[in-house]
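Take a look at the structure set out below.
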Amino acid sequence: MSTSAAHDPAPPPPGGVLWSLAGDIRGLLMLPAALTLQVAHPAVGAGVDEHSVFRTDPWGRGERSLRSLQLWVYGGEAAAEEGRRLRRLHATIRGTDARGRRYHALAPANYAWVHATGFPVFHHAYRYLVRPMTEAQERALYAEWLRVGRVLGIHDRDMPQTIEEFWPYYRKTLADEIEATAVVRELVATDSPVLPPDRGPLPLRLVLRVLWPVLLPPLARFRRFLTIGLLPPDAREAIGLEWTDEQERKLRRFGSVVRAVVPALPERLRYLPLAREARREHRAQERRLSRATRPGR
């Protein structure tokens, strides 16, 4: 281990809540809601609107963001370097938001909010796609999310340090800042143009390119449904997104199917590649440690 790595903040521990959730394919279903809550902050929304390539390179941007998130949890020594890379990337992102206020992506209030949104969204979505969290799991998740914040270079003074401090901070931000920004409206629209996938095997890409005009409308409706449904209700209200009782019943039915199917999948299908490799390596290390500490060796 290098000298710098020895002083780097540690990512969440193996066996924790995030170790199980972040690489699980169910985590993919939660990400659009988290992104929408992020860009509902006017400064964050303006930064994404003016500087992101999510319109011109949606699949590449999504792939890079997903890999980054995986590194925060499963990257080991690479986690802190990924945090430094992100800070370098955001260092030049600045401008004026829709309220006429100057913003900088790394201003503590903005950068911390982007990170903070993951906790309430994961906490809310978990009950539909996995199971309701126990109080112990909720506290463990928050403690692990604080560790992710440190990996990203967020100072403790800029993050609520307990759940009891988090919820008032979250509600105040919803009341004072959150709105239906231009990027939010685009993310939940069903008629926004989206380029066909440009990743994966060539034959699959060619087929998708031909079928994309037929596939995109139902996929856009499903994305909107899942994005709004997995937002916490108070966040929906702050943004001004409608959600009906019938939609809630559909989400609960969808969640029951996901809860039944995903745990039955083999690990190679259930977990994303980086998470799968980290989990396999951790099990191998545990086996080596167990053999080394056996009596008689």
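The values are calculated or read from the model by the stated rules, or taken from the named source; none is laboratory data. This structure is a prediction, so every number in the text was calculated from the model and none was measured. As a convention, Cβ positions derive from the backbone with ideal geometry for all residues, glycine included, and neighbour counts pool all protein chains shown. In case anyone asks, the SASA skips ligands and DNA or RNA and just uses the protein heavy atoms, side chains included. Shrake-Rupley method; radii C 1.70, N 1.55, O 1.52, S 1.80 Å.
The overall shape of segment 51-98 is oblate: from the C-alpha gyration tensor, with semi-axes ordered a ≥ b ≥ c, the ratio a/c is 1.5 or greater and a/b is no larger than b/c. Here segment 68-198 has an Rg and Dmax of 16.5, 44 Å, counting Cα atoms alone.
Between V214, V258, V39, the Gaussian network model of the chain with springs among Cα atoms under 10 angstrom shows the greatest mean-square fluctuation at V214. Here the relative contact order of segment 146-286, from alpha carbon pairs under 8 Å that lie six or more residues apart, stands at 19 percent. Here the calculated FRET efficiency for R221 and A107, from their Cβ-Cβ distance with R0 = 41 Å, stands at 0.70, rounded to the nearest 0.05. The share of accessible area on the chain that comes from carbon and sulfur is 59 percent, using a 1.4 angstrom probe. Identify which of the listed values of Rg/Rh (Cα atoms, Kirkwood Rh) was calculated from the structure shown: [x] 0.97; [y] 1.36; [z] 1.30. It is the value labelled [x]. Distance between the C-alpha centres of segment 56-112 and segment 136-207: 11 Å, rounded to the whole angstrom. Across the chain, the relative contact order, built from alpha-carbon pairs under 8 Å that are at least six residues apart, equals 29 percent.
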